[in-house]
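**Student:** Let me begin by handing over the structure; questions about it come next.
Computed from the coordinates by the stated procedures, all read-outs in this text should not be read as laboratory data. Predicted model, so just to flag it, every value in this text is computed and none were measured. For neighbour counting, all protein chains shown are included, and Cβ atoms are generated from backbone atoms with ideal geometry for every residue, glycine included.
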Amino acid sequence: MIEIRKIDAQHKADINIKNEPFPLFGKVIPSYQDGQWTYEVVRYAPENVTQMCFPDENYDYDSMTDSVFLGAYDGEKCIGLAILQPGFFKYMYLYDLKVSNQYRGQHVGKMLMEKAKEVAAARGYCGIYTQGQDNNPGACLFYLNSGFYIGGLDTNVYRHTKQEGKADILFYCENK
């Protein structure tokens, strides 16, 4: 049975679970009209689907003192991670979210998000915000299916980088 719990100093090595590849099967195209965000998912032909894997972060638990680390555990094995950080306004920032490949599709991410919402509410935040790359529809659709809504689009964040041409979609979720 999967358990979600705060990662303490005794288990600080657990915050460095490996990043694993995920499919890039399309693009999320947000649109803002009349004060409302909508989106369309354009799916790639099967031969154009690729994979991406983020570099491992090598987080330093002791230097990230303002962060809240939530782990998803199968027994004593950490198989998922959510990192929350204080926000500049009334939303706590979801800095990272990941689930090991063999546990994807088993609602581990949703369990982490439910606990993250509890943490944000307990700390006086109105909700959580995060971002997802427009070329990662798996992540974007996960957020949208987990109670988040689109709140903005950053088309400049990747300028002058190897990822030029991508954009970040900003997602918000209100505490209930």
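**Student:** Which of Y39, Y143, Y95 moves the most in a Gaussian network model of the chain with Cα springs under 10 Å?
**Tutor:** Of Y39, Y143, Y95, the Gaussian network model singles out Y39 as fluctuating most.
**Student:** Would you calculate a helix-derived [θ] at 222 nm for the chain, using -39,500 (n - 2.57) for each DSSP H run of n ≥ 4 and dividing by the full residue count, to the nearest 500?
**Tutor:** When only DSSP H runs of four or more count, the value is -4000 deg cm²/dmol.
**Student:** Write down the percent of antiparallel bridges among all DSSP beta bridges whose residues are both part of the chain, to the nearest 5.
**Tutor:** Of the beta bridges lying entirely in the chain, close to 95 percent run antiparallel.
**Student:** Another question, then. List the pairs from K6/K90; K117/K166; K77/K115; K18/K90 whose alpha-carbon separation is above 26 Å, in the order I gave them.
**Tutor:** From the list (K6/K90; K117/K166; K77/K115; K18/K90), the Cα-Cα distance tops 26 Å for K117/K166; K18/K90.
**Student:** Now for a separate question. Sorting V99, V41 on the 10 Å Cβ count, fewest up front, what's the list?
**Tutor:** So the ranking, lowest neighbour count to highest, is V41, V99.
**Student:** Do any GluC sites (Glu not before Pro) in the range 1-88 lie in a DSSP loop with no more than 11 other beta carbon atoms within 10 Å, and if so, which?
**Tutor:** Listed in order of number, the matching sites are E76.
**Student:** While we're looking at this one, here's another question. If I build a Gaussian network model for the chain, linking alpha-carbon pairs within less than 10 angstrom, which residue out of G138, G147, G35 has the largest mean-square fluctuation?
**Tutor:** For the chain, modelled as a Gaussian network with Cα springs under 10 Å, the answer is G35.
**Student:** Let me ask something else. With label points built 7 Å along Cα→Cβ from the Cα atoms of T65 and E118, find their separation and express it in nm.
**Tutor:** 2.7 nm
**Student:** What FRET efficiency comes out for F54 versus F89 if R0 is 22 angstrom and r is the Cβ-Cβ distance? Round to the nearest 0.05.
**Tutor:** 0.25
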